[in-house]
Amino acid sequence: MTRSGDYFISVRLFDDIVGWSNGGSLYQMRIGAPGANTACRNQTAVNAGIVPGQVVAIGQRSTQAAGRPARGKSLVMQQPVLIKGSAAIDRPALLGVPRDLGQGGASALGKAPTTWQPSLGHQGIGPGETDSVLRTILYAKALAGSGQWSAVFENFTMQALQAAAPSFVPNDREYPKQRWHYDAIELPAALGLAAQRAGDARVAPVVAVLDTGVVIDHPDLAGQLEPGFDFITDPARAGDGDGIDANADDSSISVGSSFHGTHVAGTIAARSNNAIGGIGVAPMARIMPVRVLTDRGATSFYDIDQGIRFAAGLSNDSGVIPTRPASVINLSLGAGRACSSSDANYFQDLQARGITVVVASGNDSSASRLQPIGFPANCPGVIAVGATDAQFKRAYYSNGGAELTLVAPGGDQRVSTTGTGLPDGVFSTMATISGGRRQPTYASLQGTSMATPHVSGIVALMKYLDPTLTPIRIDALIRSGEIVDDLGPVGRDSETGFGQLNARKAAQAAIRSAGGTGTPAPLPGRIEAFPSMLALGALRESIDFELRRVGEPSTRVVRLASDSPAVVVAPLGSAVDPVSGLGTYRVSARRNLMAPGQAVFATITVELTVGDAVRVPVSVERRASGAGTGSLGPVYLLVIDQDAVDAGAPDTVAAEVPLAAPLNGAYEYTATVPGASRIVLYAGTDNDNDLLICSRGEACGGYPVLSDRDRVLSPRGDLERIDFELAPFGGINAQSLSAGGPRRGPGK
């Protein structure tokens, strides 16, 4: 605001047809002072860069348009003016908003507001232009609701965010949700280096994803796919009604479908700069989908072996040899068995053929117990990948041991620490089932399955920059420490291997390997904070961040300071280098200095020797007096039979709807559990009435801990006082909680 006074905020929501919402909504709004550095943007600078009168729309594919049902009532609206591009193909087109929409767009939008009287222009924008911006937003919403476009949004301006070093700043709208796990591996700098090679004649590396198949019509995978194959031999378990065939599409429409392979594929090579969704680690690569897992994730080793042989260009049951075999094979799967001598020879032979096999280490550990990595990650000749969280620590579930090669971001969705307000998961392509139809979408998941495609993508990026790189050479670069960031104890360790793979270091090593021709100047150096934003919320007492070099900076850290007494920062003992000041720092909340119900948006300023500074926004809240004594509305309790989950059988053995009016914020429940030896409890709300709890934005909780498979209850009698907290979840996928997701309705 630019003028003192009283203001009223009116929020009107669009439903998924067109017009003002007349139903419920999951909505969060934060209001703060400009410059308060909240993790949520609370200041609209020069109309948020929206270009008045212009929208960007991506046309529907013909197959999508033909199969799309009519959405709600018919809509009479002025047709947009094509400024640039084509509205007939699956690519962005720049459209102009018709000038004769009427006051506030009422004539075009049916139930749009009948009056719009801007009394105060934004900074540098007059009331007339403010009105034009509003009409542009309304018209974009109307086009999106018409069902004739796969994506519509306002055209907006962008500016360079980093002057030093090659930088890759994509326009993909969901990229901020990926920042924490891509910043952790210095991906923007790596893709900036790769962009300097874009003009050269280069062959896109092929990465085979052996998984559940992929959603072929996902817009962020369009143009990124090589011909694949389906090697699931048992039609009864395949989920698509047949045995092996040339269709690697994950076509299941079961509510329990995981779309695991689609998520993995998106992390490797989702399209970049197409103004939708997110990006992949190596968007210049191509994905070969090989379907070897069913929609519930189970399969046989034989099916996987046939998929590996197909991807490697060896003889297989399909009788098909790919025109371009894969140079990288991603296996985000595993089993609990040892690696035999024949297995070892098999994977070493693949390595000798020039194929890098990247395998997930497994998710069987807990915070206090490190489990050995599974098969085939425990075989020689592969890269065994563990997972880290947003704090560069071993993710609690990640397996380790002597065979662990390295780690990559896998996330921890129990917490939200990166300032986005969402759980710390890996964000990528996904699909959902709605009305019996599969719809491409996006979601965050966690696991070594999510860490592994980060590594496959970096290897593909290296192969793009130097196609002659061999798996043996890449392994040597890892073991020498040249392309990893050492974590934990100095040198190799059981929890993080040789360290976390660094995309920028890997890209530079590949460029050096390719020879001096066109080698860019050394990457200009800077110091950055990882994560770049921190959120302590209302419960977390402390959180760590790391100051790291990017490139070769000549600067060092002089001092750190917080601008709020409620937020303090201190070095984490010996984890900070005394000369450079780089290392790990701990940020702590002093809520006793805050008023009940207060939120503080502080800034930690890191002063550098050159007079420059790095600034880290931190948000912290203190719960109001009486907080936690209200009601979330109806809460559904489910008791899950973990043995049934592991066997892929129906898993809900008891369900109860507690009273909608809790006593002092506590819901009391009683559940009778017949015949289950290992159980897990989940509870949550179902705001959208889809019979699934713990969906995006709904309250959710679990006992002992969400997604911790080792901590189950084994009742030998009545259990009492089983208490756990419920909290709103944003962006978490219910499928990560149990097989198929907690379902409150009858049946599976």
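The values are calculated or read from the model by the stated rules, or taken from the named source; none is laboratory data. None of these values were measured; they are calculated from a predicted model. Every residue, glycine as well, gets a Cβ built from its backbone with ideal geometry; the counts of neighbours run over all protein chains shown. Ligands, DNA and RNA are excluded from the accessible area calculation, which covers all protein heavy atoms including side chains. Shrake-Rupley method; radii C 1.70, N 1.55, O 1.52, S 1.80 Å.
Go through (1) on the phi > 0 side of the Ramachandran plot; (2) in contact (Cβ under 8 Å) with a residue 40 or more places away in the chain one by one and return the number of the condition GLY313 breaks.
Going through (1) on the phi > 0 side of the Ramachandran plot; (2) in contact (Cβ under 8 Å) with a residue 40 or more places away in the chain one by one, GLY313 breaks only (2).
Determine which member of the set THR448, THR441 is in contact with a Gly (Cβ under 7 Å, 6 or more places away or on another chain) and among the hydroxyl-bearing types (Ser, Thr, Tyr).
Unique residue meeting the criteria: THR448.
Taking SER695 and the conditions (1) open to solvent by less than 40 Å² (accessible area, probe 1.4 Å); (2) modelled with pLDDT of 70 or more; (3) among the polar types (S, T, N, Q), which numbered condition does it fall short on, given that it satisfies the others?
(2)
Please determine, by comparing only the residues of region 445-483 that are among the hydroxyl-bearing types (Ser, Thr, Tyr) and open to solvent by less than 10 Å² (accessible area, probe 1.4 Å), which one is farthest from the chain's Cα centre (by Cα).
SER456
Taking region 417-439, which residues are surrounded by fewer than 23 Cβ atoms within 10 Å (Cβ to Cβ) and not in a loop (DSSP other than H, G, I, E, B)?
Answer for region 417-439, where residues must be surrounded by fewer than 23 Cβ atoms within 10 Å (Cβ to Cβ) and not in a loop (DSSP other than H, G, I, E, B): THR432, ILE433, SER434, ARG437, ARG438, GLN439.
If LEU101 satisfies every condition in (1) in contact with a Leu (Cβ under 7 Å, 6 or more places away or on another chain); (2) at pLDDT 50 or above; (3) of a type in the set (A, V, I, L, M, F, W, C) but one, which is the exception?
Every listed condition holds for LEU101 apart from (1).
Tally the residues that are modelled with pLDDT under 75 and among the basic types (Lys, Arg), restricting the search to region 134-174.
0
Can you name the condition, by its number, that ALA360 falls short on among (1) under 24 Å from the mean Cα position of the chain (by Cα); (2) farther than 18 Å from VAL407 by Cβ?
Going through (1) under 24 Å from the mean Cα position of the chain (by Cα); (2) farther than 18 Å from VAL407 by Cβ one by one, ALA360 breaks only (2).
Okay, residues lined up against (1) in contact (Cβ under 8 Å) with a residue 24 or more places away in the chain; (2) within 21 Å of ALA352 (Cα to Cα):
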site: LEU404; (1), (2): yes, yes
site: GLN413; (1), (2): yes, no
site: PRO423; (1), (2): yes, no
site: SER428; (1), (2): yes, no
site: THR441; (1), (2): no, no
site: SER444; (1), (2): yes, no
site: GLY447; (1), (2): yes, no
site: PRO467; (1), (2): yes, yes
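Considering only region 585-603, I want to know if a residue exists there that is touching a Pro at 6+ places or on another chain (Cβ under 8 Å), among the aliphatic types (A, V, I, L, M) and either part of a strand (DSSP E or B) or open to solvent by less than 20 Å² (accessible area, probe 1.4 Å) (or both).
yes
Please verify whether ARG559 is of a type in the set (Lys, Arg), open to solvent by 20 Å² or more (accessible area, probe 1.4 Å), within 20 Å of PRO531 (Cβ to Cβ) and part of a strand (DSSP E or B), treating the condition exactly as stated.
No.
Would you check if there is a residue in region 699-709 being at pLDDT below 70, open to solvent by 40 Å² or more (accessible area, probe 1.4 Å), under 30 Å from ASP563 (Cβ atoms) and within 30 Å of the chain's Cα centre (by Cα)?
No, region 699-709 contains no residue that is at pLDDT below 70, open to solvent by 40 Å² or more (accessible area, probe 1.4 Å), under 30 Å from ASP563 (Cβ atoms) and within 30 Å of the chain's Cα centre (by Cα).
What do you reckon, is ARG414 touching a Pro at 6+ places or on another chain (Cβ under 8 Å), of a type outside the set (S, T, N, Q) and open to solvent by 40 Å² or more (accessible area, probe 1.4 Å)?
Considered against the rule, which asks whether it is touching a Pro at 6+ places or on another chain (Cβ under 8 Å), of a type outside the set (S, T, N, Q) and open to solvent by 40 Å² or more (accessible area, probe 1.4 Å), ARG414 comes out as yes.
Would you check which residues across region 664-681 are open to solvent by 10 Å² or more (accessible area, probe 1.4 Å) and not in a loop (DSSP other than H, G, I, E, B) and list them?
At the first step, the residues of region 664-681 found to be open to solvent by 10 Å² or more (accessible area, probe 1.4 Å) are 664-678, 681.
Selection gives ALA666, LEU681.
Going through region 360-380 one residue at a time, which ones are in contact with a helix residue (DSSP H, G or I) (Cβ under 7 Å, 6 or more places away or on another chain) and without any contact (Cβ under 8 Å) to a residue 60 or more places away in the chain?
Result: PRO376, CYS379, PRO380.
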